């Protein structure tokens, strides 16, 4: 059927070429930049100058776009969707492929607007390096800060900072150096916040004119470093995980007949050899590896990220979702964790609501019990928050009623990462990176099977995040609604009662653990909120009005108080 | 890199052979694809592999064999037959399914075929709509498949560059490019409501070059049409149109013998051949190195309107 036999025929040194190709590795990098930074132009330029686009593709965009007559608008090579072509923006992650003599590359090309922070995180999640663009004529803007933060958060080790549009500032070295020093200072601040340092490289470029993109430019004799492409060809690809502990999430049990029982999966980290002692989690049973089976024959050794099938010497009960790990360092079975979340859904995070957490090859229920803080990316400030909205990033506490094996993301990018899924809409609502793992011991009251007798106030507090109580709200109807919505989003159980309701009824509601909102709506532009003897007045125009009311509830012991780092895992 | 003939696996497990795999780019791509195939087979109720007989399908099928070895492939193959596929493709398809021991389902939009649908009587857009898109949606619905593997690659076309590996389709099988699920790390969201489905593209990150190099490295059989040979063609300037369906000929037009091959396989009336001497896989790879057009440049259907692939995909096309 095929002409495989003809393989040996070589008309030119194609065999030599193929042998060279067989030695190439793969670098995945993401790009991030705001529209005006010329990111798409830069990618288009990389593709064009490495002969990675075909004539018909170039032909299809000639004379189109927004560049001067005769100039090719390289951005059109990468902006794939109609909406993007029409609006001139990049709204999703696009993947691009090119190769040089040294390496194959996969580019995750991501948009720069704030509303696409989640797309940026998506592109960074699989990247070994990232290219951050800075417009030399504008300096370090919020977009560049955001990209750097996300790169660090997602543990992209190499940040290649391309200071673009050098031609517009007369190739001025002093301005380049000033941007470099600003950005270095920023990166160390970011690393302190995320706990994940990055290695920056700075390159002055002009994507439009091709300076220092593929070829070193003669326009900047003061810069003696490599071009952007030379850097991409030389930064180390995926961190060598051979020395990391062995982690093998089981995807599937293969049982073609009664004589064979193999565990199929992709090695998440480390190396395995026949004879190694492994432990299966969560059961904790140990066994020895008998064989590493592949279609192409057994292996003497396999390391991440190969997909293989393990056969053990002794029968151990293992199924999909279990983890096979090295016996010396097996990881922690966690009933919860603290994690960074990047919120990705239109519907904000709801505390105490049931989400599904997908981690390696398993999906388990998960409850976010508290938002420890939200990070304001522009300033790196930690803001008090009760929820996360789309594109929001923060640290949260998560409870896992069914414990699973977790690693810190800083130690293992595969077993420290998870996504959250909303079981009602099936949307992927968040990306998570484990910061701290909580052992089983630190869990409080997660086992419903263990509980008996009447439900206690303590249990309600844990579930709902508040005591029974009374909150008086008088004034702006709009603000009353907003406060109620905010409480509802947190999972609070509220009841609206008119201000004239009798006190006995209100105290009964509070005794039952409910949060009674005693409302007296009016057309005023302000709102008076009162808990016990404490009263505050907030203005309708004040964006922090709702937060102020929630803080009032916290200070008076109605809402469970917000914990900073190092606190317990459950409220 | 070996030039040994196709190795036939008996399905038996041979213990004792020990070697170490080098992790070059092809191994990395292979590992990623196998992971995807295993996830889908384990998380969906009823997956199917859309097998379209081309080189990408050949690679995808081999990856499926690898993913579940020594167990058989745990899902059927489905071919959407427009009735205009090359005879060699059909023969190869049947041989291949038997060779790997997989169940093969063939689905055709019989009413449309019986009504004489063809790209000249209609236009290519409506022809594709009926014979490919409609047939695919009907076939998936008929068998109740909730996940369908396709061999599409992101480097093929601009709108495909934005496709997820798990591409969510609504109850009508349609793609909404502005409302795609975020896809991070290798954590795929497989959850769908009844009637919705996921198209899965395990070769998303492969390029045309990767595919050919892998076919070479793994000795994967492909259809003969990819190799250069003297074939009868209608020669229209640069365009070579294979002589397969009588209705494509212009009045009085006579075919000529041209040493040619197909760079990608589609329906014969809409797939142009290229002049070529590449009669081996290394020859094809060598030829690719000198190519100045993308592989789909010869596919009429991609150019019938601005952004045409994106429109087809929104409607449910692969």
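Results, tabulated for the structure shown:
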| quantity | calculated |
| --- | --- |
| Global form of the range A:459-555, assessed from the alpha-carbon gyration tensor, a/c cut-off 1.5 | oblate |
| Distance histogram in 10 Å bins (all Cα pairs of the range A:149-307, percent per bin) | 9, 26, 21, 16, 15, 11, 3, 0 |
| Antiparallel DSSP beta bridges within chain A, percent to nearest 5 | 70 percent |
| Rh (Kirkwood; distinct C-alpha pairs) - the range B:224-303, Å | 12.9 Å |
| Gain on full stretching of the segment that runs from residue A:319 to residue A:233 - 0.36 nm per residue minus C-alpha separation | 26.9 nm |
| Distance (nanometres) between label positions extended 7 Å along Cα→Cβ at residue A:511 and residue A:495 | 1.2 nm |
| Mean separation of Cα contacts under 8 Å (6+ apart) over length of chain A, as relative contact order % | 9 percent |
| Helix axis angle, A:545-555 relative to chain A longest principal axis, alpha carbon, degrees | 60 degrees |
| Taking A:28, A:184, A:45 and counting other C-beta atoms within 10 Å, the order from fewest to most | A:184, A:28, A:45 |
| FRET efficiency estimate (nearest 0.05) - Cβ-Cβ, residue A:300 to residue B:100, R0 25 angstrom | 0.35 |
| Packing-based ranking, highest mean first, of A:333-345, B:182-194 given that Cβ atoms within 10 Å are counted | A:333-345, B:182-194 |
| Rounded tilt (10° steps) of A:39-49 against the dominant C-alpha axis of chain A | 20 degrees |
| Nitroxide proxy distance, nm - points 7 Å out along Cα→Cβ at residue A:114 and residue A:537 | 3.1 nm |
| Per-selection Kirkwood Rh - the range A:361-406 (Cα, Å, 1 d.p.) | 12.0 Å |
| Shape category assigned to the range A:247-326 from the gyration tensor of Cα positions, a/c cut at 1.5 | rounded |
| Average partner coverage of B:25-37, which counts Cβ from other chains inside 10 Å | 6 |
| Additional length obtainable on full extension of the chain from residue A:482 to residue A:172, 0.36 nm per residue less Cα span | 106.5 nm |
| Helix-derived mean residue ellipticity, 222 nm - over the protein assembly as shown, DSSP H n ≥ 4, -39500 (n - 2.57), to 500 | -7500 deg cm²/dmol |
| Overall form of chain A per C-alpha gyration tensor (a/c, 1.5; a/b vs b/c) | oblate |
| C-alpha long axis of helix A:142-153 to longest principal axis of chain A, angle in ° | 90 degrees |
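A short reminder: the numbers here are calculations on the coordinates, not readings from a lab. These figures come from a predicted structure and were not determined experimentally. Cβ: placed from backbone, ideal geometry, glycine included. Neighbour counts: every protein chain shown.
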